[in-house]
Amino acid sequence: MDVPVPDLKELWVYLAREPLAALTVTLLAWLAALRLQRLLRLHPLANPVLMAILLLACGLLLTGVQYRDYFQGAQFVHFLLGPATVALAVPLYREWNGLRRALPAVLTAVLLGGMAAAWAGVAVALALHAAPEIVASLAPRSVTTPVAMGIAERIGGLPSLTAAVVLSSGATGAALGPALMNLLRLRDWRARGLAIGTASHGIGTARAISVNAQAGAFAGLGMGLNALLSAILLPVLWKLFM
Amino acid sequence: MIAALATLLCCQLAGELLARLLHLPVPGPVIGMVILFAALVARGRVPEALGRTTDTLLTHLGLLYVPAGVGLVLFLPLLAQNWLTLLLAVVGGTLAGIAATGLIAEFLFRRWG
């Protein structure tokens, strides 16, 4: 009897080219990260976004699969970022009654806090004599990815480096933010949500939603407002001061 | 669920079109969020199916950042060269932003109600 020998190389070529495998490993890495997070008792440092990214990045480096090929499949997940951003209108609406009264305070806090987040990062980079395009890439760090890349382009940064520092700022805020806010004795869920959404966009908002509904709504608001204000103000301020 | 997804996509599409037509500095999905919010205010309540779909989507908001995040493998040389600067700027800037926003917000919420 002639049993066909499976051609492993051909199989590998198929898997690497089709979107199915990349999409599947992305979801599996996310589930593994969620399980790991539960094992570590939901500790803020065990951020599932960070753990899933590290798992997949190590996987790509070990197997030698190109990021471009991986993204062919993973883009279906990436695409949902748009509808999910639109979806933030729902928690915002549910909290609207409490939110409307607080709006002047919210606007002031996001404007000043968002600028502090941007310029503190820039100041550190300047103090360490970083190259101008690296300093510019760091400025829109706390703004959600698509807006941040647009801002970086306008002020002379590298949009793709900006994407990387935006995501690390999100993960940093989600991981270290809760401990810092406990240290500062911030107890108002509205203030906590607003702070993490303003400084750590969607990754911070994801953390806030999983902890408290009110914090989640304020985080979404902080993220949206900071994107709006930074997109308008940062390019103007950059031209004036840098 | 499909009707809810269609609603979200319509808002995003309208947002993208507005952003392009009016040359707004804000991306389409953020304008889409404003459009959906205005529609909910006009309607006076969240339709049940929409609420369920958005809750599911937002529970896994973190997952949606993963594919872009894996892109850090493209920057390993640049990251290796500037890691200290980037690390200090990211951590320092983020913590400064959280502290400033949180302290100002808590102070103003207490003062202004």
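Computed over chain A with a Gaussian network model linking Cα atoms closer than 10 Å, the most mobile of A:SER169, A:SER210, A:SER200 is A:SER210. For the peptide A:36-47, the mean number of other protein chain Cβ atoms found within 10 angstrom of a residue's Cβ is 0.
From other protein chains only, count the Cβ atoms within 10 Å of every residue's Cβ in A:190-200, then give the mean.
Working: counts 3, 10, 5, 2, 7, 10, 5, 2, 6, 10, 3.
Per-residue shielding by partner chains comes out at 6.
Radius of gyration over Kirkwood radius for the range B:1-59, both on Cα atoms: the Rg/Rh ratio is 1.01. Against the main long axis of the alpha-carbon atoms of chain A, helix A:189-211 sits at an angle near 20°.
When the Cα positions of B:ASN82, A:ALA191, A:LEU28 are compared along the charge dipole of the protein assembly as shown, A:ALA191 comes out farthest toward the positive end, with charges on each C-beta of Lys, Arg, Asp and Glu. By the combined test of axial Cα extent (at least 15 Å) and Kyte-Doolittle hydropathy (mean at least 0.0), the qualifying DSSP H helices of chain B come to B:2-21, B:28-43, B:76-112. Between A:ASN182, A:ASN212, A:ASN226, the residue with the greatest mean-square fluctuation in the GNM of chain A (Cα pairs under 10 Å linked by springs) is A:ASN182. In chain A, the longest principal axis of the Cα atoms and the axis of helix A:159-183 are about 60 degrees apart.
Read-outs: derived from the displayed coordinates by stated rules, not from any lab. Just so it is clear, the structure is predicted and the values come from calculations on it, not from any experiment. Cβ: placed from backbone, ideal geometry, glycine included. Neighbour counts: every protein chain shown.
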